[in-house]
Amino acid sequence: MWLFMILCYVFSFFTSIALLVALTQSFFQFTIFSVNHMSIMLLLSIIYFFTETLNIFFFVGTGISVKEYTQAHKIDICYHERTKQIKKKLFPSLMMNLLAMMVLVVLAGAVDTGRFPLWGYRLLFVGIVLHFFKLLLIQNASFRENTDIILKMSEAKV
């Protein structure tokens, strides 16, 4: 579990850097190793969607593990209920950001072909980046609370 959580943090860091690079590139129109903005957006989308899927699987997986552990060791079900509360706080923001990022990637192509205004794309991009950083704060609080649940649950068994 700990390695999985650390991987979530590492990939979130790389995603943050990639988002900032892509956002900066959309404003200043520079290339990185002769790679244009559209190619950077495709790479960013792969990193971003992998990272957020990894985060989803972490919380779903630990929730299932907590449920099975509490049933196997006859521990109070409140620990599993707390994991469900974490997901109720985290998943709406995470899903909203995933949807917005999907739209942004499609709009990057529309801007590249001249079918969507650049100013609208940039405005949406800034909003998504700000929401992503808010999401990171929610994810961090969720990781902390999830860790607390695991530690308290393991103490309750003793």
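Read-outs: derived from the displayed coordinates by stated rules, not from any lab. None of these values were measured; they are calculated from a predicted model. We place every Cβ from the backbone using ideal geometry, glycine too, and count neighbours over all the protein chains shown.
Tabulated values for the structure
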item	result
Boolean, residue 25 is in a helix (DSSP H, G or I) and in contact with a helix residue (DSSP H, G or I) (Cβ under 8 Å, 6 or more places away or on another chain)	yes
Verdict on residue 83 being under 22 Å from residue 143 (Cβ atoms), β-branched (Val, Ile, Thr), part of a helix (DSSP H, G or I) and more than 23 Å from the chain's Cα centre (by Cα)	no
Counted residues, the stretch 18-60 - those being touching a residue at least 40 places away in the same chain (Cβ under 8 Å), under 19 Å from residue 89 (Cα atoms) and not aliphatic (A, V, I, L, M)	5
Qualifying residue in the stretch 103-112 (condition: more than 18 Å from residue 42 (Cβ to Cβ) and either under 22 Å from the mean Cα position of the chain (by Cα) or not hydrophobic (A, V, I, L, M, F, W, C) (or both))	no
